[in-house]
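Data first, discussion second: the structure below is written as structure tokens.
The numbers here are math on the coordinates, done by the rules we state, and not lab data. Please read these numbers as outputs of a predicted model, since none were measured by experiment. Positions of Cβ are generated from backbone atoms using ideal geometry, with glycine treated the same way; all protein chains shown enter the neighbour counts.
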Protein chains: 4
Amino acid sequence: MNSFGRNFRITSFGESHGAAVGVIIDGCPAGMKLAVQDIQPLLDQRRPGTSPLTSSRNEMDRVEILSGIFEGKTTGAPIALIVRNENQNSKDYEEIREKFRPGHADFTYQEKYGIRDHRGGGRSSGRETIGRVAAGAVALMYLSEHGITVTGKILLVHGKSNPDEIEREICSAKEAGDSVGGIVEITAVGCPSGLGDPVFGKLDALIAGAMMGIGAVKGVEIGDGFAVSGKFGSENNDPMTRDGFMSNHAGGILGGISSGQDIVVRIAVKPTPSIARIQQTRDIHGNVVEISVGGRHDPCIVPRIVPVAEAMLALVLMDCMLEQAKRQ
Amino acid sequence: MNSFGRNFRITSFGESHGAAVGVIIDGCPAGMKLAVQDIQPLLDQRRPGTSPLTSSRNEMDRVEILSGIFEGKTTGAPIALIVRNENQNSKDYEEIREKFRPGHADFTYQEKYGIRDHRGGGRSSGRETIGRVAAGAVALMYLSEHGITVTGKILLVHGKSNPDEIEREICSAKEAGDSVGGIVEITAVGCPSGLGDPVFGKLDALIAGAMMGIGAVKGVEIGDGFAVSGKFGSENNDPMTRDGFMSNHAGGILGGISSGQDIVVRIAVKPTPSIARIQQTRDIHGNVVEISVGGRHDPCIVPRIVPVAEAMLALVLMDCMLEQAKRQ
Amino acid sequence: MNSFGRNFRITSFGESHGAAVGVIIDGCPAGMKLAVQDIQPLLDQRRPGTSPLTSSRNEMDRVEILSGIFEGKTTGAPIALIVRNENQNSKDYEEIREKFRPGHADFTYQEKYGIRDHRGGGRSSGRETIGRVAAGAVALMYLSEHGITVTGKILLVHGKSNPDEIEREICSAKEAGDSVGGIVEITAVGCPSGLGDPVFGKLDALIAGAMMGIGAVKGVEIGDGFAVSGKFGSENNDPMTRDGFMSNHAGGILGGISSGQDIVVRIAVKPTPSIARIQQTRDIHGNVVEISVGGRHDPCIVPRIVPVAEAMLALVLMDCMLEQAKRQ
Amino acid sequence: MNSFGRNFRITSFGESHGAAVGVIIDGCPAGMKLAVQDIQPLLDQRRPGTSPLTSSRNEMDRVEILSGIFEGKTTGAPIALIVRNENQNSKDYEEIREKFRPGHADFTYQEKYGIRDHRGGGRSSGRETIGRVAAGAVALMYLSEHGITVTGKILLVHGKSNPDEIEREICSAKEAGDSVGGIVEITAVGCPSGLGDPVFGKLDALIAGAMMGIGAVKGVEIGDGFAVSGKFGSENNDPMTRDGFMSNHAGGILGGISSGQDIVVRIAVKPTPSIARIQQTRDIHGNVVEISVGGRHDPCIVPRIVPVAEAMLALVLMDCMLEQAKRQ
């Protein structure tokens, strides 16, 4: 299932070392100004090779618009966006043709399909997120025109919150041939009340599905999240005032529907599974073998997940905005 | 959106104080033995009135099968299950006709629809989960026939894990006119590898959406969950052995696809928002008012969420089992 | 697949001789007045037993509203409508427990599911249309409030268009233990332009699918339909005027989108396959046997298809109205 | 809505004079051999410029595979197919920038979206079918491996069935600056019984929707189609034999489910609306104006619809094959 959304529906395609990755957006309102320069900046944020802390795979990830735009505006027709793959180094991956990298999708894809494009992880590669980010950039534009902003930030990396300490943690993990995880928080400001649908289209449920669907994410919480487990109702409820609420423990969502407060989401990101340190694993013939995952990998994927998480939240909100329009 | 699932698709209906609540199951395989006694026990687990710790609303919640069964077996036709509402006490709710209960969906439903069935929360009531649990019971039967068991348990209530301490926390909250939250863990044992679909049908994404869509749930994690944020990749990866894995930090899912290990999910449950203690809120005319939520409420919803969470995990797994069948 | 529609989504359930048949409507706008008396009249039109020309199965088909209404108005929650089955005469059907009725779904259901509720055709019975008609009545109310009317009429029965001749054809078929088919035309007046979506959500495609999905329908045409095959483009195009069009060969749909003209649809209805005349068939053991289909059957289903076809067109239009609202 | 199918789901994109047209296939089984040469031949059948009877727009329509294939086999990942547009002559279309061509989607697109890519019809162009045909070619390969063949043929053009007469009709229409319509029959041989789902997923309903969604199609019939309106039940029922049926009036579908007989579908194709003869129409300012549609158009679209109709029937059957696999 490579499509997401009901009204602003995106379909993603492409593998890490195939000809291209991309996305089709179906359901974008007509008459919206849209050009490459509206999409490219968010893609640049997720691009590797921009810092010593990220993978050295150096690709410009230039997006091309194939359809859906006429004289600078959307027409209501599907918008096809593609990014050609350039800096592929498939021979880096010869060793993993037959070995399953621990913590990766290699084993499960092989089990599911009986065939696997091992080059750079194929479809399970982080490059797949290019499609989501490109589509998310379009959603972010629409939201921005409706007074909604979506912003992500790193809360923690390997237990540290201070930027200098974070950098040190990442560098030292890299030197050790290891990797580290962290926590990202994404906030949407300016959302109208009424987004989300009972019972199986709750805004928090859609957000949770969208976030957990990002590779490497192992946890999602809204508002106070797991901390609610230690609280009294009288502490956790947000009393109402004439104009709103006195607090926002709920993270902007009540009964699955936006309340007009800020929507606050946090996600837990696991340490990159690709590490140089030697690990035990299995090959496709069933032999136990050792593996050191070479190639160009991020010792910490947390910074590059920020634009992906922003994109996913934007996609959910945009979809709900269009859904809500049906009721009015 | 009151439907869930792609292949074993359920559609839920009904309000707390309407004529009935229920569910239609579309896509249940034909030829499966099914009778009321296969469904009733799980409903009984979520039923209130069975302990001094739960709401005293006393209903038998007897399920009736309206369609889809012929001579004791499923026919492939939709299975309609209904439970008549009995012990309604609508006048308990007169006070909240115009007041928004803090922490409830009252305000957001009013904003979204401009009309609201206030009686017992209407559609946003916990009674809505009867449909899910009834459908989940059918899914659990199917899974059981395929060697899969799904079990939930309470990990924590208000920071306590010991049953006696949990009971004490709940009782003391009740006496104080307050409520407490907690954490539930649900585990599926016996799942085959290969369940779940890249990119937007990942098993963990489906589970996260399903769990966060349960009222009162504010966080979801898979495997080590939020703890991954403080770990090294070399700690978090699960090395493979000849027959499986040396550990299960991943919680049974790699790249969104089941690995054959136990699937481990935890959810954070907020303290019941209905409390007797006086809170500040607003009414539908915009006035700031005080409210004490009377009626018969659970001081802790955690125990009654266990069967709901089991049902939701069962529904996701069953749906993925049928999806997977298309590939073989 | 027992659901229909994307925005005004209905889910149908129930068998001819089960406890009840019914429908869940998901996505009905909130705040609409709705009561049993708004739905019952259309159900009465499809009800048998009202004329010597129809089946003598005499049921009142009283609809009950189980959910979704509060103080006389829709709330946005799913509307559950059920009709209890009453006048079942299952022993009429003992003969067909093992024999496949020619022209019926008996053989194909058995092949597909390996089990079959033979009583009255089970799920494939015409009684299944009660759900569609009940939901269609709700859609018709909404359309009517938006200035749109949907009307069906019989064009032909067994080649005759005159009502007296039609009655004679049906009576003489009945006496001969036989049945006859015909043609129904459904027209929607007052539709706005802009309904329907390129490329796979075309209004005519949705209508064709909806109509061909009615049991006994074997052909669908829009506007001039099959007659276009003998025409020149210069005859078939509808020239435009300042305010509209000079003709309506297109039947109100251009490029899959409504033009604002009347939408004109015709469907071909086959003669009822249940006939008393002896036919050759097969039983579930593979033996060739003879069959005379007893029970209470309509010698001509055309009149009772009219409200079903109206309902289906109303459901499609309503769904497209809500879809279109997203764009504005 | 630019997606079609539930299990073998295609998403189409692209305009006549944009950068490219194409399709994403989601849900193709893994492990199937697939290369450009498997897809190109069906595209060549729908390509213009191959005969004096078709449009002289001369494009090679070379398909490129962007994703989903690894070492010559499908991997289960989405297959992206694109065809770059080459021989565009946008200035041919300057006249229709502001005029609505009769019989075309110009007026309704303008009404729906408030903006319109007028060049060659934009999204409503026949070039959009390239995506469907490319995807259909993949489906045809799969069906062929399962013993199913799908074949289309021209039954009638402007009332003539003889090939020489058909050619004469088309030539004489072309000389007169006019166009002609016709009827196409598509047959699937070798289908297993059991395809299609009650109640809203009937095989004939899916086929009718698929066919009516092809531009220029105004009618669809299955088996005896409209002729059933003049028949007795005793004539129209297909008696069963030990191994099958004595006739095939039903066109291979009973109760919406395939019976194992040949599936027989006919579609009515309207005369191409683009004609040189002067017609009255309106412009976007509301003025009544005259129009002669220049450019390179087919005087009869019937021959080029044959591969499109084959593709659509193949897509429906493939989707039902995968759906059916879930039940076994």
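One table, with the values for the structure above:
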| quantity | calculated |
| --- | --- |
| Rounded if a/c under 1.5, otherwise prolate or oblate - the stretch B:96-229, Cα gyration tensor axes | oblate |
| Gaussian network model of chain A, springs between alpha carbon atoms under 10 Å - residue of A:Val316, A:Val302, A:Val228 with greatest fluctuation | A:Val228 |
| Among D:Met211, D:Met141, D:Met312: highest mean-square fluctuation, GNM of chain D, C-alpha pairs under 10 Å | D:Met141 |
| Under Karplus coefficients 6.51, -1.76 and 1.60, residue-wise ³J(HN,Hα) of the stretch D:110-124 in Hz, glycine/proline x | 4, 5, 6, 9, x, 8, 7, 7, 6, 5, x, x, x, 6, 7 |
| Euclidean distance of C-alpha centroids, the stretch A:271-313 and the stretch D:240-259, integer Å | 55 |
| Chain C: C-alpha gyration tensor shape, a/c 1.5 cut-off, then a/b vs b/c | oblate |
| Residue-wise HN-Hα coupling along the stretch D:2-17, computed from phi with Karplus coefficients 6.51, -1.76, 1.60 (Hz; x: Gly, Pro) | 10, 10, 9, x, 9, 10, 10, 9, 10, 10, 9, 8, x, 10, 3, 10 |
| Ranked list, fewest to most other Cβ atoms within 10 Å of each Cβ, for D:Asp92, A:Asp243 | A:Asp243, D:Asp92 |
| Long-range amide H partners of B:Asp197 with built H, under 5 Å | B:Lys202, B:Leu203 |
| Distances in nm from A:Ala325 to the matching label points in the other copies, shortest first (labels 7 Å along Cα to Cβ) | 1.3, 3.7, 3.9 |
| Highest-fluctuation residue, A:Met32, A:Met246, A:Met60 considered, GNM on chain A with Cα pairs under 10 Å | A:Met246 |
| Ascending count of other beta-carbon atoms within 10 Å, so fewest first, for B:Glu98, A:Glu111 | B:Glu98, A:Glu111 |
| Cα centroid separation - the stretch A:120-175 against the stretch B:98-138, whole Å | 35 |
| Cα-based helix-to-principal-axis angle, C:129-145 vs chain C, degrees rounded to 10 | 20 |
| Cα centre as origin, Lys/Arg/Asp/Glu Cβ charges: the protein assembly as shown dipole, Debye | 0 |
| Crossing angle, helix C:36-46 versus chain C [Cα axis fit, 0-90 degrees, rounded to tens] | 60 |
| Copy-to-copy label separations for A:Met246, where each label sits 7 Å from Cα toward Cβ, in nm and ascending | 5.4, 7.4, 8.4 |
| Estimated 222 nm signal from helices in chain C, with DSSP H stretches of n ≥ 4 weighted -39500 (n - 2.57), rounded to 500 | -8500 deg cm²/dmol |
| Principal axis dimensions, largest first and in whole angstrom, of the protein assembly as shown by Cα | 83, 66, 63 |
| Crossing angle, helix D:163-175 versus chain D [Cα axis fit, 0-90 degrees, rounded to tens] | 20 |
| Listed peptides A:274-284, D:142-152 by packing density, highest first (mean Cβ within 10 Å) | A:274-284, D:142-152 |
| For D:His146, label point 7 Å along C-beta direction: distances to other copies, nm | 1.9, 3.7, 4.0 |
| Closest approach to the D/A rotation axis among chain D Cβ atoms, residue and whole-Å value | D:Thr11, 2 |
